[in-house]
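A.B. asks: The structure is given below, and queries will be raised subsequently.
Throughout, read-outs are computed from the coordinates displayed, never taken from laboratory work. Worth saying up front: this structure is predicted, and the values here are computed from it rather than measured. Cβ placement follows ideal geometry from the backbone for every residue including glycine, while neighbour counts extend to all protein chains displayed.
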Amino acid sequence: MKPIILIDKKDILERFHPIASDTHKGVQGHALIVAGSYGKIGAVVLSSKACLKSGCGLVTVFIPKCGYHIMQSTNPEVMTYTDDVEKRISDIHLLFKPDAVGIGPGLGLSSQTQKAVLKFLRKCKCPMVVDADGLNILSVNPEALETLKPKTILTPHLKELQRLIGEWSSEEEMFAKTISFSIRYNVIIVMKGAPTHIVYGATVYQNCTGNAALATAGSGDVLTGIITSLLAQSYAPVDAAIIGVYLHGLTADIALPVTGTQSFIASDIIDYLGKAFLTL
């Protein structure tokens, strides 16, 4: 294994592109978030709002019918398509071509949803982030990994990673198996943890921001939205992953003196994104 590359602000500034003064929403990217099921529409609310707050010009969600009123009332800036089924996603049909897709938060694992996701992964060839139940669907349908677009970003926490690559007995083995998985399927893996690592082929990056405040429900949903937004804005996938993880962690570092560790929640990540971007 090659030495781990530490990501700091200097490296982020080399990858980050300030938004042009004459830009408009039509050139800032159109992202799609596919997520949610009955009782888990909050995951879509968080992902889509984080996507908008990270500079994406347009954000559309595809959700079960039960989430329509929730989305329209909580995120009025987000456009909403719904499935024909009330409580889960059964068939992902679109009326536009997104610039990037984030898929997985709160989807659930019903057989109907799994079939819909697998079908979508086969036909969708735009840049993509797969998270949460999207990863769990891949872990029980490993043949679908072969259909992913090159440099798709997978964002597992350690338990989800274990389901994908199998168990390990040491940290060294965990990295070795993750690197082999990344090379085999040509994917970028964001290993969420303390610290978070980004594995891109044989190269491993270590993020320098973040603290224990991020260990809260919905934190990963927000990260999915941030990275999807950067992909939609035409960042290279590895840059989107690295910058997204850095900013996500930085919000908690900025907020800590105000909120403390215990009172910081996923919505606070979104609230502090502006201050995180201002540091760049």
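A.B. asks: Does anything in the range 22-57 have its amide N under 13 Å from the 7 Å Cα→Cβ label point of Gln72, and if so which residues?
C.D. replies: Backbone N within reach: none found.
A.B. asks: Grab the eigenvalues of the alpha-carbon gyration tensor for the range 138-230, scale each by 5, take roots, and send me the semi-axes largest first in whole angstrom.
C.D. replies: Over the Cα atoms of the range 138-230, the semi-axes work out to 20, 16, 13 Å.
A.B. asks: Through the Karplus equation 6.51 cos²θ - 1.76 cosθ + 1.60, θ set to phi - 60°, convert the phi angles of the range 254-269 into ³J(HN,Hα) values in whole Hz; use x for Gly and Pro.
C.D. replies: 5, 7, 3, x, 8, 9, x, 6, 5, 8, 7, 10, 4, 4, 5, 4
A.B. asks: So, one more: So how many Å³ per residue does the convex hull of the Cα atoms of the range 25-76 work out to?
C.D. replies: Working: hull volume 3.3 nm³, N = 52.
Dividing the Cα hull volume of the range 25-76 by its residue count gives 63 Å³.
A.B. asks: Convex hull over the Cα atoms of the range 48-170, averaged projected area in nm²?
C.D. replies: Taking the Cα atoms of the range 48-170, their convex hull projects to 8.3 nm² on average.
A.B. asks: Using modelled backbone amide H atoms (1.01 Å from N, in-plane), which distant-in-sequence or interchain residues come within less than 5 Å of Ile33's amide H?
C.D. replies: It is Thr60, Val61, Phe62, Gly102, by chain and number.
A.B. asks: Please go through the residue pairs Lys97/Lys125; Lys125/Lys151; Lys119/Lys177; Lys97/Lys119 and name each one whose alpha carbons sit more than 18 Å apart in this structure.
C.D. replies: Working: Lys97/Lys125 10 Å; Lys125/Lys151 11 Å; Lys119/Lys177 27 Å; Lys97/Lys119 16 Å.
Among Lys97/Lys125; Lys125/Lys151; Lys119/Lys177; Lys97/Lys119, the Cα-Cα distance tops 18 Å for Lys119/Lys177.
A.B. asks: Under the definition of Cα pairs under 8 Å and six or more residues apart, what whole-number percent is the relative contact order of the chain? Each step should come with its number before you reach the end.
C.D. replies: Numbers: 595 pairs, mean separation 59.1, N = 280.
Computed over the chain, the figure is 21 percent.
A.B. asks: Hey, got a sec? Which chymotrypsin sites (Phe, Trp or Tyr not before Pro) in the range 63-130 land in a DSSP loop and have at most 12 other Cβ atoms within 10 Å?
C.D. replies: The qualifying sites are Phe96.
A.B. asks: Let me ask you something else. State to the nearest 20 debye the size of the charge dipole of the range 95-209 about its Cα centre, where the only charges are +1 on K and R beta carbons and -1 on D and E beta carbons.
C.D. replies: The calculated dipole for the range 95-209 is roughly 580 debye.
A.B. asks: Could you run the Karplus curve 6.51 cos²θ - 1.76 cosθ + 1.60 with θ = phi - 60° over the range 175-188 and give me ³J(HN,Hα) per residue in whole Hz, x for Gly and Pro?
C.D. replies: Values, residue by residue: 5, 4, 6, 5, 4, 4, 5, 4, 5, 4, 9, 6, 10, 9 Hz.
A.B. asks: Taking square-rooted eigenvalues a ≥ b ≥ c of the alpha carbon gyration tensor, is the chain rounded, prolate or oblate, where a/c under 1.5 means rounded and, failing that, a/b exceeding b/c means prolate? Show your work: numbers first, answer last.
C.D. replies: Working: a/c = 1.41, a/b = 1.08, b/c = 1.30.
Since a/c stays below 1.5, the shape of the chain is classed as rounded.
A.B. asks: Let me ask something additional. For the range 91-188, what's the relative contact order in percent, using C-alpha pairs closer than 8 Å and at least 6 residues apart? Mind showing how you got there, number by number?
C.D. replies: Details: 115 pairs, mean separation 25.2, N = 98.
Rounded, it is 26 percent for the range 91-188.
A.B. asks: Next up: With θ set to phi - 60°, apply the Karplus curve 6.51 cos²θ - 1.76 cosθ + 1.60 along the range 89-106 and write out the HN-Hα couplings as whole Hz, x wherever there is a Gly or Pro.
C.D. replies: Each residue of the range 89-106 in turn: 7, 10, 6, 8, 10, 10, 10, 8, 9, x, 7, 7, 10, x, 9, x, x, x Hz.
A.B. asks: Next question. Would you mind putting 200-207, 183-190 in packing order, based on average other-beta-carbon counts within 10 Å, highest first?
C.D. replies: The packing order, highest mean first, is 183-190, 200-207.
A.B. asks: Which value in deg cm²/dmol, rounded to the nearest 500, describes the helix-derived mean residue ellipticity at 222 nm for the chain, given -39,500 (n - 2.57) per DSSP H run of n ≥ 4 and division by the residue count? Intermediate values should be presented prior to the final figure.
C.D. replies: On the way: 11 runs with 119 residues, N = 280.
One gets -13000 deg cm²/dmol as the mean residue ellipticity at 222 nm.
A.B. asks: Add +1 for every Lys or Arg and -1 for every Asp or Glu among the other residues with Cβ under 15 Å from the Cβ of Lys275, and state the total.
C.D. replies: Net charge in that neighbourhood comes out at -1.
A.B. asks: Per residue and in cubic angstrom, what volume does the convex hull of the Cα atoms of the range 186-280 have?
C.D. replies: 93
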